[in-house]
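**Q** Please see the structure below; I have some questions.
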Amino acid sequence: MTPEIWDLLRPFRDEAIARGIPVDDVERGLDTARPCAALTRDGDGPVVGRFGGPLLLPADVPDPAHPFVASVDLAAVPADATDLLLSPDGDLLLFAFPETADDYDTMGSVVYVPVGTAVTERDRNAWNAFDFEDEEAMFEAFPQGPLRATTSVSLPFHHAVEFLGEPGSGPLPGHPRAEELVEVWNSAQDAIAPAGPLQIGGYAWEEAIHTDPVAIAAFRAVKAAEAGRWDGPVSGDVSDWVLLADWQAGMDVQGWESATVHWVIQREDLAARRFDRAFTSVFWNPSFVPGQLGLLLVSQQVTLRSARASGSGCRAVWAADC
């Protein structure tokens, strides 16, 4: 841990100890801290990319199957902003549809465009081949504008792991007070390391979190590979995976208020710059949308699921609906 990160986390340490968490448990929790880049549309950090904008792709890259979210100029990201083995230059283009899918679908993709590569502008709506009006309206609500980076710090938001070979879960190995530490982090984060709508590296967050979203995404990638819908090899060991980026879609897209997109990648693919092998997992629960809007949204989704299932594909909210 760098001295700068240690100084940032000092209020977290003090608060955790004040709540009666033993110092040794707090120190072990601090050892899990990871640097990350919080990307926002305000602030005074360097511009490192943008939400939306023209879709510029190499001629040999097919039209992506999911909406265009953002581009990140890797050369502009501060070198010490993350602990990821990112390329020193080139652009990362992030694509995602902010709804959950069954275990065998990725809900987005990543395209890496090396510096100096010739690109052409594409139709940003090519992913919506059937012109679903609700999806077009959703895409129109995607955020737009420059993204500025702040070098920040991330601690786990999850506090449990699933037991292997049996139902149930338990505390993170070696961290018996993990749930209490997460409670402290949830209360202290805004003052220490405010989150941005887009994050590069660090730990994954979502509205209802218990186990690591990266582990869930890795599990889905394994199931997709077993079903022949994702190219292997795919590791089922979460330690072989890392969070590439997180997007809090619900900050901007009305009707998807609880949606979070996780782009994850195997470490060996990241080292080889095989960003095309990033897997995209989404958390979205429309029941989290308050009041009559939530009820209306669920009703609309039921209708849309029926229409899609009888047509050429299904983007269902729940896996059992496909």
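**Q** Heavy atoms only, probe 1.4 Å: what % of the accessible area of the stretch 236-283 goes to carbon and sulfur, would you let me know?
**A** Details: 670 of 1580 Å².
The computed percentage sits at 43.
**Q** Multiply the residue separation of residue 120 and residue 136 by 0.36 nm, subtract the distance between their alpha-carbon atoms, and state the gained length in nm to one decimal. Please list the in-between numbers first.
**A** Numbers: separation 16, 0.36 × 16 = 5.76 nm, distance 2.25 nm.
Residue separation times 0.36 nm, minus the Cα-Cα distance, leaves 3.5 nm.
**Q** Under 12 Å from a point 7 Å along the Cα-to-Cβ line of residue 75: which residues of the stretch 100-126 have their amide N that close?
**A** 114-117
**Q** Multiply the residue separation of residue 235 and residue 254 by 0.36 nm, subtract the distance between their alpha-carbon atoms, and state the gained length in nm to one decimal.
**A** Working: separation 19, 0.36 × 19 = 6.84 nm, distance 3.53 nm.
Contour length minus Cα-Cα distance gives 3.3 nm.
**Q** Also, I was wondering about something else. Rounded to a whole number, what % of the accessible area of the stretch 1-134 do carbon and sulfur atoms account for, probe 1.4 Å? Provide the component values of the computation, followed by the final result.
**A** On the way: 3370 of 6350 Å².
The value for the stretch 1-134 is 53 percent carbon and sulfur by accessible area.
**Q** Which GluC sites (Glu not before Pro) from the stretch 169-240 combine a DSSP loop assignment with at most 15 other Cβ atoms within 10 Å?
**A** On the way: sites: 179, 180, 183, 206, 207, 226; in loops: 206, 207.
Sites meeting the loop and neighbour criteria: 207.
**Q** If DNA, RNA and ligands are ignored and the probe is 1.4 Å, what is the ranking of 136, 4 by accessible area, most exposed first? Don't skip to the answer; put the middle values down first.
**A** Working: 136 90, 4 125 Å².
Putting 136, 4 in descending order of accessible area: 4, 136.
**Q** Another question, then. Using a Gaussian network model on the chain with a 10 Å cutoff between Cα atoms, which of 50, 220, 274 fluctuates the most?
**A** Looking only at 50, 220, 274, the biggest GNM fluctuation is shown by 274.
**Q** Got the relative contact order for the stretch 139-270 handy, in percent, Cα pairs under 8 Å and 6 or more residues apart?
**A** Details: 182 pairs, mean separation 32.3, N = 132.
This gives 24 percent for the stretch 139-270.
**Q** Also: Would you mind getting me the FRET efficiency between residue 89 and residue 17? Use the beta-carbon distance for r and R0 = 35 Å, nearest 0.05. Mind dumping the intermediate values first?
**A** Values: r = 43 Å, r/R0 = 1.22.
Efficiency, from the Cβ-Cβ distance: 0.25.
**Q** Moving to a separate point now. Top to bottom by accessible area (1.4 Å), largest first, where do 32, 151, 280 land?
**A** Order by accessible area, largest first: 151, 32, 280.
**Q** So, one more: Given the -39500 (n - 2.57) contribution per DSSP H run of 4+ residues, what per-residue ellipticity at 222 nm results for the chain, rounded to the nearest 500 deg cm²/dmol?
**A** Working: 7 runs with 85 residues, N = 322.
Only helices count here, giving -8000 deg cm²/dmol.
**Q** While we're here: Given R₀ = 22 Å, FRET efficiency for residue 276-residue 179 by Cβ-Cβ distance, to 0.05?
**A** Computed FRET efficiency for residue 276 and residue 179: 0.05.
**Q** Let me check something: with ligands and nucleic acids excluded, how do 230, 6, 127 order by accessible area (1.4 Å probe), largest to smallest? Let's see the in-between values first.
**A** On the way: 230 45, 6 80, 127 20 Å².
The ranking, largest first, comes out as 6, 230, 127.
**Q** Ranking request for peptides 41-47, 190-196: highest mean number of other beta-carbon atoms within 10 Å first, then the rest in descending order.
**A** Numbers: 41-47: 13.0, 190-196: 16.3.
So the order, starting with the most tightly packed, is 190-196, 41-47.
**Q** If I model a spin label as a point 7 Å beyond the Cα along the Cα-Cβ vector, how far apart are those points for residue 285 and residue 32 in nm?
**A** 2.0
**Q** A further question on this structure: For the chain, report the accessible area per residue in Å² (1.4 Å probe, heavy atoms, rounded to an integer). Could the numbers behind the result be given before it?
**A** Values: 14770 Å² over 322 residues.
I get 46 Å² per residue for this part.
The values are calculated or read from the model by the stated rules, or taken from the named source; none is laboratory data. Note that the structure is predicted; figures quoted are calculated from it, not measured. Positions of Cβ are generated from backbone atoms using ideal geometry, with glycine treated the same way; all protein chains shown enter the neighbour counts. These area figures cover heavy atoms from the full protein model, side chains too; ligands, DNA and RNA do not enter into them. Shrake-Rupley method; radii C 1.70, N 1.55, O 1.52, S 1.80 Å.
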